Amino acid sequence: MSDPEAQAGAEPALRLVREGPIARLLIDRADKRNAFNQAMWQLLPELVLRAVSDPAVRVLAIQSAQPGPFCAGADIAELLANRDDEQWLAANQAAINRAQHVLARADKPVIAFIDGDCVGGGCGLALAADIRVATPRARLGITPAKLGLVYPLHDTKLLVDLVGPGQAKRMLFTGQLLDANEALRIGLVDEIAESTAHLEAAIAANSLHSTSRMKRFVRRVLDGQADEDAETLAEFAAAFAGPDFLEGTSAFVAKRKPNFN
């Protein structure tokens, strides 16, 4: 599926680029503060799946293509223009839900880099990432209560998983924007920094087999699983027979950096 804005010869509003082992999902709609329209919600899962299916990619980063707002959320003008079109509204809801579900369960580590405002649906994108890095300029908030809307249950769970029910209610009920320090204090972001390069390099240097399987385990825990089952036991045992275990332990014994292919 192509972005309609790209058909006029401009850069697509959402695009994927690869830099070695890092895939970057770039939000490039600066004139709309990177607000997502329906075409972008529909395109996002395709780009995420393309990134994780590339064997050369070890980390996916989602960020603004330009300095400034990460994402102002959904395109409110588009929502208002289609508010009486039940078919369009149903398709839009399905697109948002699928985009968030696919991003949150991407089979490789995902980092959100937040420089500037990250609001509403944009905050949902950050919540769906595994790690959130904000610059000191970042502001994060969830504002549907200011618009008479309701935040999706899936994204609400992501929020509660991160900050707990009390802080989640504070954000949802007030719609206030939190600065980077406050977001860090409550666990909404994991780090304040001007770049994600250090995290990307550290993750990319490790075993993708390990990080992808452990990411699945974390998702199982967040979805309510507390005990091992046959599949998780098999994953743990199988790692000892894998090439990454041999390379990692050989490198450890030889006191060299591992080279995970």
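Looking across the range 125-139, the residues that are touching a residue at least 40 places away in the same chain (Cβ under 8 Å) and farther than 18 Å from Gln66 by Cα come down to Ala129, Asp130, Ile131.
Determine whether Gln42 is under 23 Å from Pro152 (Cβ atoms) and touching a His at 6+ places or on another chain (Cβ under 6 Å). For Gln42, the condition - under 23 Å from Pro152 (Cβ atoms) and touching a His at 6+ places or on another chain (Cβ under 6 Å) - is not met. The residues of the range 47-102 that are among the basic types (Lys, Arg) and either touching a strand residue (DSSP E or B) at 6+ places or on another chain (Cβ under 8 Å) or assigned to a helix (DSSP H, G or I) (or both), listed by number, are Arg50, Arg58, Arg98.
Filtering the range 183-204 to residues that are part of a helix (DSSP H, G or I) and either on the phi > 0 side of the Ramachandran plot or buried (at least 16 other Cβ atoms within 10 Å of the Cβ) (or both) leaves Ala183, Leu184, Ile186, Leu199, Glu200, Ile203, Ala204. Thr143 meets the conditions (1) more than 23 Å from Glu194 (Cα to Cα); (2) surrounded by 16 or more Cβ atoms within 10 Å (Cβ to Cβ); (3) touching a helix residue (DSSP H, G or I) at 6+ places or on another chain (Cβ under 8 Å) in every case but one. The failed one is (3).
Considering the range 108-126, and only residues there that are in contact with a Leu (Cβ under 9 Å, 6 or more places away or on another chain) and within 22 Å of Val57 (Cβ to Cβ), the residue that is surrounded by the most Cβ atoms within 10 Å (Cβ to Cβ) turns out to be Ile114. Inspection of the range 75-93 finds no residue satisfying the criterion of being buried (at least 20 other Cβ atoms within 10 Å of the Cβ) and among the small types (Gly, Ala, Ser).
The residue that is nearest to Leu246 (Cα to Cα), among those in the range 205-218 that are assigned to a helix (DSSP H, G or I) and small (Gly, Ala, Ser), is Ser210.
Quick test for you: out of Ala239, Ala251, pick the one residue that is surrounded by 13 or more Cβ atoms within 10 Å (Cβ to Cβ), under 27 Å from the mean Cα position of the chain (by Cα) and part of a helix (DSSP H, G or I). I'd like the intermediate steps shown before the answer.
Numbers: Ala251 fails: under 27 Å from the mean Cα position of the chain (by Cα).
Answer to the selection: Ala239.
Within the range 153-160, is there a residue that is free of Cβ contacts under 8 Å to residues at least 12 places away in the same chain and more than 21 Å from Ile96 (Cβ to Cβ)? Looking for residues that are free of Cβ contacts under 8 Å to residues at least 12 places away in the same chain and more than 21 Å from Ile96 (Cβ to Cβ), one finds none in the range 153-160, hence no.
Only a single criterion out of (1) among the small types (Gly, Ala, Ser); (2) surrounded by 17 or more Cβ atoms within 10 Å (Cβ to Cβ); (3) under 26 Å from Arg33 (Cα atoms) is not satisfied by Ser207, namely (3).
The numbers here are math on the coordinates, done by the rules we state, and not lab data. None of these values were measured; they are calculated from a predicted model. Don't worry about glycine lacking a Cβ; one is built from the backbone with ideal geometry, like all the others, and counts go over all protein chains shown.
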